[in-house]
1. Could you please let me know if LYS40 is among the charged types (D, E, K, R), exposed (fewer than 13 other Cβ atoms within 10 Å of the Cβ) and out of contact with any strand residue (DSSP E or B) (no Cβ under 6 Å at 6 or more places or on another chain)?
2. Quick one: in segment 1-20, of everything that is without any contact (Cβ under 8 Å) to a residue 24 or more places away in the chain and either charged (D, E, K, R) or surrounded by 14 or more Cβ atoms within 10 Å (Cβ to Cβ) (or both), which residue is nearest to ARG88 (Cα to Cα)?
3. Do you know which residues across segment 55-101 are closer than 17 Å to GLN26 by Cα and β-branched (Val, Ile, Thr)?
4. Quick check on this structure: which one of VAL62, VAL90 is under 17 Å from ALA3 (Cβ atoms), in contact (Cβ under 8 Å) with a residue 24 or more places away in the chain and in contact with a helix residue (DSSP H, G or I) (Cβ under 6 Å, 6 or more places away or on another chain)?
5. ALA53: within 15 Å of the chain's Cα centre (by Cα), closer than 28 Å to LYS14 by Cβ, surrounded by fewer than 13 Cβ atoms within 10 Å (Cβ to Cβ) and of a type in the set (A, V, I, L, M), yes or no?
Amino acid sequence: MIAYGYIALRQFPKFEKHVLAAEMRQAMWGILRLIVVCNKRYHKKTTLQELDAELDLLRAQVRISKELGYLDFKKYEHWSRLNNEIGRMVGGWIKVFAVGK
């Protein structure tokens, strides 16, 4: 997702590359960081909640980018699919820990 995100963010207008695009990059790296932290921690519940919130933030930013015309529909659709796939994985992970404890 990060690799595709960088490709999609290249077409943003110059004035948004340092604001919205930078925040989206930060959210993508934050998601990756939280995934790594979840893999390492014994108690994962709060980290999984943070991961879910960070993913929701990125989804909202992608949606806003499309509404503002910075992303065409095809890139928006592909990026949304990638985000949804990660969301399904995180949701499954959350369910495992909700049932297990």
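Bear in mind these aren't lab numbers, they're just calculated from the coordinates by the rules spelled out. Just so it is clear, the structure is predicted and the values come from calculations on it, not from any experiment. Glycine gets a Cβ as well: all are built from the backbone with ideal geometry, and neighbour counts include every protein chain shown.
1. Values: among the charged types (D, E, K, R): yes; exposed (fewer than 13 other Cβ atoms within 10 Å of the Cβ): yes; out of contact with any strand residue (DSSP E or B) (no Cβ under 6 Å at 6 or more places or on another chain): yes.
Taking the combined requirement at face value, the residue satisfies it.
2. Top of the filtered list is LEU9.
3. Across segment 55-101, the qualifying residues are VAL62, ILE64, ILE86.
4. On the way: VAL90 fails: under 17 Å from ALA3 (Cβ atoms).
Exactly one of VAL62, VAL90 is under 17 Å from ALA3 (Cβ atoms), in contact (Cβ under 8 Å) with a residue 24 or more places away in the chain and in contact with a helix residue (DSSP H, G or I) (Cβ under 6 Å, 6 or more places away or on another chain), namely VAL62.
5. Working: within 15 Å of the chain's Cα centre (by Cα): yes; closer than 28 Å to LYS14 by Cβ: no; surrounded by fewer than 13 Cβ atoms within 10 Å (Cβ to Cβ): yes; of a type in the set (A, V, I, L, M): yes.
The answer is no for ALA53.
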